[in-house]
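Data first, discussion second: the structure below is written as structure tokens.
No value in this document is a laboratory result; all are computed from the given coordinates. Note that the structure is a prediction, hence the values are computed from the model and not measured. Here the Cβ is made from the backbone with ideal geometry for all residues, glycine too, and neighbour counts use every protein chain on show.
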Amino acid sequence: MDKKLQLLSKLGEEKLVAVIRAESEEQGFKVVDAVKKGGIKFLEVTLTVPGAIDIIKELAKRYKNEEIYLGAGTVLDPETARAAILAGAQYLVSPCFNPEVMKMGNRYRIPVMPGAQTIKEIVACLEMGADVVKIFPGDAFTPNIIKSFKGPLPQGQFMPTGGVSLGNVKDWLAAGAYALGTGSNLTAGAKTGDFDAVTKEAEKFVSEVAKYK
């Protein structure tokens, strides 16, 4: 099994991606460390974080020998996608579908998880080789949307992101989500500098997801 398939298989096992947003490079590192300490292995550093590419590059070195899966989020164009890949990102996540980003990921055999809201958008993602489609924003729907999507598209794998909380983890997974992306509900403590709270929240998410593995 090659690295891409291994990563996708591992994502299906872990079922949890931490979406890292921060107001500074320093805060970004602290959030990542806090989330990792809580047991979440898929870390998505969004490119809205100041110095995001440098953060990804440093984390790729720091966690080189650990079972951590480092991704870049909010990837909007192929130029940024390539920069993230060269910095060490192992997967790319986007809030929308951009065929050029998909091509870039395919070129380097890096998983790309594009965002979609409609059947038409999802089909476009699948046609470009998306293995997992991000339902974004997740809080615009109920978990039943996955069953609705899987009706005509049973081959689709979906990762709702946005609005995923401890209170609805079970509902999304029961509805058939391949994985879940969670950000603000996980990292709220970082806004006040309480990174221990972020770690504790991560532990709770890991524990909740474990019930449905």
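Using all pairs of distinct alpha-carbon atoms, the Kirkwood hydrodynamic radius of segment 122-161 works out to 10.3 angstrom.
Amide H neighbours of PHE42 under 5 Å, counting only residues 5+ apart in sequence or on other chains, H built in-plane at 1.01 Å? It is ALA18, TYR69, by chain and number.
Extension gain, GLU203 to GLU121: 0.36 nm times the residue separation minus the Cα-Cα distance gives 26.1 nm.
Here segment 3-207 is treated as an ellipsoid with the same Cα gyration tensor; its semi-axes, largest first and in whole Å, are 24, 21, 14.
Per-residue ellipticity at 222 nm for the chain, helices alone: DSSP H runs ≥ 4 residues times -39500 (n - 2.57), over residue total, nearest 500 deg cm²/dmol? Value at 222 nm, helices only: -13500 deg cm²/dmol. Counting only DSSP beta bridges with both residues in the chain, tell me the antiparallel percent, nearest 5. Bridges in the chain are about 0 percent antiparallel. Electrostatic tally near GLU66: other residues with Cβ closer than 15 Å to its Cβ, Lys and Arg +1, Asp and Glu -1, net +3.
A straight Cα-to-Cα reach below 12 Å connects LYS213 with the aspartates and glutamates GLU13, GLU14, residues fewer than 8 places away in its own chain not being considered. Residues in segment 103-111 carry Karplus couplings, in order, of 4, 4, x, 4, 4, 9, 6, 10, x Hz; the curve used is 6.51 cos²θ - 1.76 cosθ + 1.60 with θ = phi - 60°, and Gly or Pro positions show x.
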